[in-house]
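To start, the structure under review is shown below, and the notes come after it.
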Amino acid sequence: MPELGSLVSKVRSKNAGPFWLTIDVFCDDPTTYTRVREGLKDATVARLFGVEQQLLKRFDIPALNVVKFSVPRPVVQGTRADRDMHGAGWACLLEELQID
Amino acid sequence: MTRVLVPAGALGLGYDREALERGVANHPDIIAIDGGSTDSGPSYLGRGVSKYSRASTKVEWRELMQARAKAGVPLVIGTAGTCGADAAVDWLFDITREIALEEGMKVKVATLKSGQPKERVKAALGGGRLHALPAAPDICEAVVDDCTNIVALAGVEQVAAAIATGADIVIAGRTTDTAIIAALPVVRGDHAGAAWHGAKVGECGALATTQPNSGVIQIDFDATGFTIEPMAADAAATPYTVSAHMLYENSDPFILHEPGGHLDVTRSDYEALDGRRVRVEGSKWVPGRYTVKLEGARIVGYQTVGLAVVRERRYVQHVREWAADIEAKVRDKIIARMGLAADAFNVEIRLIGMDATLGALENRHDVPVEVGILGILTCPTAEQAAEAGKILNPYLLHHPLTEDEPMPTFAFPFSPAEMQRGALYEFCLNHVMELDDPLSAFVLETHEVGHA
């Protein structure tokens, strides 16, 4: 199974304020978008980011060929345990996820 | 119709100078630029300081003051000095005064301060007028008392009041990213949904175009929508770049909460007018209760960090157990020799090259060539953190994997290998505060600076 990052044009994660993280998966075309939308399961994504599934917000946006997830930040920005002030590193987890 | 010129996503980031000239020549009604965000972390708000250098800020601000004088319109900056604390407003005001004197300009400056006295926030908390947003930390009066700075995010009402003073320059403390752009279109009666939506698209400058680094964009607001056009010759706005911008740093790509309501772009329609301009209509502004979001930061300890690099293959292969052993030994020694309680301090070693970015969520386990050893010590006082750093130092230099082997020595990149980080700040508010009068929680003043 290929890694998500090899199928799409970009996976981006960013802070959405200090308490939320948002992850955007940009697909190049509707075929890839459909494959990614079907292949990304909420339970898998929640587990990947270490958050409870009911806190995961998901937006499938066909007009942009984008699948977007938002989660409460795994660690609040800037706290002692935070390792990534801008939250960009979390994208790697999704980028390297193998999907059907 | 209102024409807003946005020179860049933030003051200090730079922009295309020719594009700025083109924008000024197009007769904007106002020049608006953002000065900050929470994105660089709580230390800036906690200390009330800017992340960008004073020298860079002064160079760019001088150019914008010159552009303003040429255009003969107001120049507005929101979230001055990265964090928008009162001290950051004073900092930029000071720079403004220097430039005005140096340039022989006479300008009227309005300052809009967003700093919140603790008593006001505690009164709101006690009166049930403070409401937690999703994923907000628990707060109580003691948390509010601990804050070194609390700011409220101003909306269009407060920014518009500052513009209405007739000021040439408005230096605003913390505002929402959008308020400085939306303010003039809203008060002039342009379409409210378009005003907020165009402001959201424009708040990062040219990020919503094909040439993000060019900075400068122009947004025309009118009775039914807005039109965005980048000012750099080689940049283009497309329906994709404009609509995709709602994804950026937003947890919800269709709804944006602002003071006094929310923006809904679910039914927005994006149309290419030509190869570089996009027209947007159908955005909706939904009025609601008047609240302002609060941000606060407090000190939760002081830190010393130490850095060493392990290159020897056997140590790299066993680096986790080696680091865990150092953590345990340093912890014991801080308790035994400094007399700190076990729960009063924290010792953490992050392994750069292994999992320093993702921690427990990391799922790759390759063996690297070398590993950076970042020791982080957090103590109640700066003096204790410095002491703890000196306890860590010899372990980072010489700690053997087993007791019966020759003493190893690891690479220290400098002397000393430990650095005082100062205070560790945390964001401790993610709440909105109800206001009956939007202006009641903000301080607006005008000043004449420079000389003709």
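For the range B:100-117, which residues satisfy the criterion of being surrounded by 15 or more Cβ atoms within 10 Å (Cβ to Cβ) and within 25 Å of the chain's Cα centre (by Cα)?
Residues satisfying the conditions are B:Val109, B:Ala110, B:Thr111, B:Leu112, B:Lys113, B:Ser114, B:Gly115, B:Gln116.
Any idea which residue in the range A:65-77 is surrounded by the fewest Cβ atoms within 10 Å (Cβ to Cβ), counting only those that are over 23 Å from B:Ala136 (Cβ atoms) and more than 7 Å from every other protein chain (Cβ to nearest Cβ)?
If we take residues in the range A:65-77 being over 23 Å from B:Ala136 (Cβ atoms) and more than 7 Å from every other protein chain (Cβ to nearest Cβ), then A:Asn65 is surrounded by the fewest Cβ atoms within 10 Å (Cβ to Cβ).
Check A:Val75, A:Val51, A:Val11 and return the single one that is under 30 Å from B:Leu424 (Cα atoms) and touching a residue at least 12 places away in the same chain (Cβ under 8 Å).
A:Val51
Got a sec? Which of A:Leu93, A:Leu56 is of a type in the set (A, V, I, L, M) and in contact with a strand residue (DSSP E or B) (Cβ under 8 Å, 6 or more places away or on another chain)?
Being of a type in the set (A, V, I, L, M) and in contact with a strand residue (DSSP E or B) (Cβ under 8 Å, 6 or more places away or on another chain) holds for just one of A:Leu93, A:Leu56, which is A:Leu56.
Hey, among the residues in the range A:33-64 that are of a type outside the set (A, V, I, L, M, F, W, C), more than 8 Å from chain B (Cβ to nearest Cβ) and under 21 Å from A:Asn15 (Cα atoms), which one's surrounded by the fewest Cβ atoms within 10 Å (Cβ to Cβ)?
A:Gln54
Please specify each residue of the range A:34-63 satisfying the condition of being farther than 19 Å from A:Gln98 by Cβ and part of a helix (DSSP H, G or I).
A:Gln53, A:Gln54, A:Leu55, listed by residue number.
Got a number for residues in the range B:49-77 being surrounded by fewer than 23 Cβ atoms within 10 Å (Cβ to Cβ), in contact with a strand residue (DSSP E or B) (Cβ under 9 Å, 6 or more places away or on another chain) and either among the small types (Gly, Ala, Ser) or not assigned by the TED database to the domain that holds B:Asp90 (or both)?
Selection size over the range B:49-77: 3.
Just checking, how many residues over the range B:197-221 are part of a strand (DSSP E or B) and among the aliphatic types (A, V, I, L, M)?
Qualifying residue count, the range B:197-221: 2.
Looking at A:Thr31 and the list (1) touching a strand residue (DSSP E or B) at 6+ places or on another chain (Cβ under 9 Å); (2) assigned to a helix (DSSP H, G or I), which single condition is not satisfied?
(1)
Only one of these is within 11 Å of chain A (Cβ to nearest Cβ) and not hydrophobic (A, V, I, L, M, F, W, C): B:Gln303, B:Gln384, B:Gln317. Name it.
B:Gln303
With respect to B:Gly389, determine if the residue is within 14 Å of chain A (Cβ to nearest Cβ) and of a type outside the set (A, V, I, L, M, F, W, C).
Criteria not met by B:Gly389.
For the range A:69-100, name all the residues that are hydrophobic (A, V, I, L, M, F, W, C), in a loop (DSSP other than H, G, I, E, B) and touching a Ser or Thr at 6+ places or on another chain (Cβ under 8 Å). Break it down into steps so the answer makes sense when it comes.
Just the residues of the range A:69-100 that are hydrophobic (A, V, I, L, M, F, W, C), to begin with: A:69, A:71, A:75-76, A:81, A:85, A:88, A:90-94, A:97, A:99.
Filter once more, so that each one left must be in a loop (DSSP other than H, G, I, E, B): A:75-76, A:81, A:85, A:97, A:99.
Correct list: A:Met85, A:Leu97.
Filter the range B:229-245 down to residues that are among the aliphatic types (A, V, I, L, M) and either surrounded by fewer than 22 Cβ atoms within 10 Å (Cβ to Cβ) or facing another protein chain (nearest Cβ under 8 Å) (or both) and give me whichever is farthest from B:Thr178 (Cα to Cα).
Checked the range B:229-245; the qualifying residue farthest from B:Thr178 (Cα to Cα) is B:Ala233.
Hey, B:Ile255 hits all of (1) away from every other protein chain (no Cβ under 14 Å); (2) farther than 23 Å from B:Ala85 by Cα but one; which does it fall short on?
(1)
Checking A:Arg80 against (1) more than 7 Å from chain B (Cβ to nearest Cβ); (2) more than 28 Å from B:Val265 (Cβ to Cβ); (3) free of Cβ contacts under 8 Å to residues at least 12 places away in the same chain: exactly one of these is not met. Which one?
Failed condition: (1).
Listed residues B:Val151, B:Val170; which is under 20 Å from the mean Cα position of the chain (by Cα), part of a strand (DSSP E or B) and within 14 Å of another protein chain (Cβ to nearest Cβ)?
B:Val151
Being over 20 Å from the mean Cα position of the chain (by Cα) and among the aliphatic types (A, V, I, L, M) narrows it down to one of B:Ala208, B:Ala244, so name that one.
After ruling out the rest, the residue left standing is B:Ala244.
How many residues does the range B:100-136 contain that are more than 14 Å from chain A (Cβ to nearest Cβ), in contact with a Phe, Trp or Tyr (Cβ under 8 Å, 6 or more places away or on another chain) and either part of a helix (DSSP H, G or I) or not polar (S, T, N, Q) (or both)?
Summing the residues that are more than 14 Å from chain A (Cβ to nearest Cβ), in contact with a Phe, Trp or Tyr (Cβ under 8 Å, 6 or more places away or on another chain) and either part of a helix (DSSP H, G or I) or not polar (S, T, N, Q) (or both) in the range B:100-136 gives 3.
I'm trying to understand the selection: among the residues of the range B:338-347, which are buried (at least 17 other Cβ atoms within 10 Å of the Cβ) and not polar (S, T, N, Q)? Even if it seems obvious, please write down each step before you answer.
Within the range B:338-347, the first condition is being buried (at least 17 other Cβ atoms within 10 Å of the Cβ), and the residues that meet it are B:340, B:345-347.
Scanning the range B:338-347 gives B:Leu340, B:Phe345, B:Val347.
Residue under question is B:Asp86, and the condition is that it be of a type in the set (Asp, Glu) and more than 17 Å from the chain's Cα centre (by Cα); does it hold?
The answer is no for B:Asp86.
Exactly one of (1) part of a loop (DSSP other than H, G, I, E, B); (2) hydrophobic (A, V, I, L, M, F, W, C); (3) loosely packed, with under 15 Cβ neighbours inside 10 Å is unmet by B:Leu429. Its number?
For B:Leu429, the failing item is (3).
Out of the range B:381-426, which residues are part of a loop (DSSP other than H, G, I, E, B) and surrounded by 15 or more Cβ atoms within 10 Å (Cβ to Cβ)?
B:His399, B:Leu401, B:Pro408, B:Phe410, B:Phe412, B:Ala417
Out of A:Lys57, A:Lys41, A:Lys14, I need the residue that is touching a His at 6+ places or on another chain (Cβ under 8 Å) and of a type in the set (D, E, K, R). Which one?
Values: A:Lys57 fails: touching a His at 6+ places or on another chain (Cβ under 8 Å); A:Lys41 fails: touching a His at 6+ places or on another chain (Cβ under 8 Å).
Step by step, each of A:Lys57, A:Lys41, A:Lys14 is checked, and only A:Lys14 is touching a His at 6+ places or on another chain (Cβ under 8 Å) and of a type in the set (D, E, K, R).
Identify, from the list A:Ser9, A:Ser13, the residue that is within 13 Å of chain B (Cβ to nearest Cβ) and closer than 25 Å to B:Pro42 by Cα.
Testing whether each residue is within 13 Å of chain B (Cβ to nearest Cβ) and closer than 25 Å to B:Pro42 by Cα leaves just A:Ser13.
The values are calculated or read from the model by the stated rules, or taken from the named source; none is laboratory data. Worth saying up front: this structure is predicted, and the values here are computed from it rather than measured. Every residue, glycine among them, receives a Cβ derived from its backbone with ideal geometry; neighbour counts consider all protein chains shown.
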